[in-house]
Amino acid sequence: MGRSKVVFFTNSTSQFSLPVLQSLVEDDRLEVSRVIFYDTVAASRGRLLSVIKQHGLRKTTRKVIGLVANKVRTKLLGKRTAEDEIRYTRQLTETLNIPYSIVKSANDPDVVKLVREQNVDFLLASSFNQILKAPMLETARVDAINIHMSLLP
């Protein structure tokens with residue numbers, strides 16, 4: 001029996017999803033064929049107040065400072081590849097050369113087509129802020145799974 005193919009949906013700066021992606025990659029039964037990141041910059045543009053309300057000023061400020069510091073560090077030191085320096089899912093994706101896309105909507109017909117072309121068994125979402133609709137869910141041969149870090153109502 002071959003390896004099950006997975007498309008992973010997440011936020012490019014998620015620290016919660018990092019161990020999830022690491023586990024997927026390390027599992028010999030799975031192949032991560034693509035990672036879909038939602039475009040947090042485009043999604044947040046013009047919504048700073050709502051982002052602060054949702055996550056709080058302290059967390060938003062820490063996240064922005066962390067992203068800026070990471071960009072500056074990368075520019076100064078060049079592309080980092082040491083696994084122990086990886087802090088975000090996008091860094092791991094780039095280090096392991098896993099194909100990825102940054103999208104505004106996972107339900108966009110072009111994104112659905114891209115995922116369908118991957119011919120995957122599973123869709124797995126973690127720290128992903130969009131609801132996957134029927135056309136996207138139907139791209140998986142087996143099922144879609146959402147990992148959520150808190151209880152849902």
Quiz prompt | Number of positions in segment 1-39 that are hydrophobic (A, V, I, L, M, F, W, C) and assigned to a helix (DSSP H, G or I) | solution = 5
Quiz item: Can you name the condition, by its number, that E94 falls short on among (1) of a type in the set (D, E, K, R); (2) within 17 Å of N11 (Cα to Cα); (3) part of a helix (DSSP H, G or I); (4) modelled with pLDDT under 85?
Solution: (4)
Practice problem: Working carefully through the options R58, R47, find the one that is more than 25 Å from V112 (Cα to Cα), open to solvent by 80 Å² or more (accessible area, probe 1.4 Å) and at pLDDT 85 or above. | Solution: R58
Quiz item: Restricting attention to segment 113-125, does a residue exist that is in contact with a helix residue (DSSP H, G or I) (Cβ under 6 Å, 6 or more places away or on another chain) and buried (at least 20 other Cβ atoms within 10 Å of the Cβ)?
Solution: no
Practice problem: Return the pairs, sorted by first residue and then second, in which the second residue is β-branched (V, I, T) and open to solvent by 60 Å² or more (accessible area, probe 1.4 Å), the first residue lies in segment 92-108 and is under 20 Å from N70 (Cβ atoms), the beta carbons are less than 7 Å apart, and the residues are 6+ apart or on different chains. | Solution: T95/T81
Self-check item: Top-ranked residue in segment 61-83 [being within 30 Å of Q118 (Cβ to Cβ) and of a type outside the set (S, T, Y); ranked as modelled with the highest pLDDT]
Solution: K63
Quiz prompt | Residues located in segment 97-112, provided they are surrounded by 15 or more Cβ atoms within 10 Å (Cβ to Cβ) and either of a type in the set (A, V, I, L, M, F, W, C) or assigned to a helix (DSSP H, G or I) (or both) | solution = I98, V103, A106, V111, V112
Quiz prompt | Pair list, Cβ under 6 Å, 6 or more apart: segment 13-36 residue within 15 Å of Q91 (Cα to Cα), other residue part of a strand (DSSP E or B) and open to solvent by 70 Å² or more (accessible area, probe 1.4 Å) | solution = V35/Y100
Quiz item: Would it be correct to say that A125 is under 16 Å from N11 (Cα atoms), of a type in the set (A, V, I, L, M, F, W, C) and in a strand (DSSP E or B)?
Solution: yes
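The values are calculated or read from the model by the stated rules, or taken from the named source; none is laboratory data. Just so it is clear, the structure is predicted and the values come from calculations on it, not from any experiment. Reconstructed Cβ throughout: ideal geometry from the backbone, glycine too, with neighbour counts over all protein chains shown. The accessibility values were calculated without ligands, DNA or RNA, using every heavy atom of the protein model including side chains. Shrake-Rupley method; radii C 1.70, N 1.55, O 1.52, S 1.80 Å.
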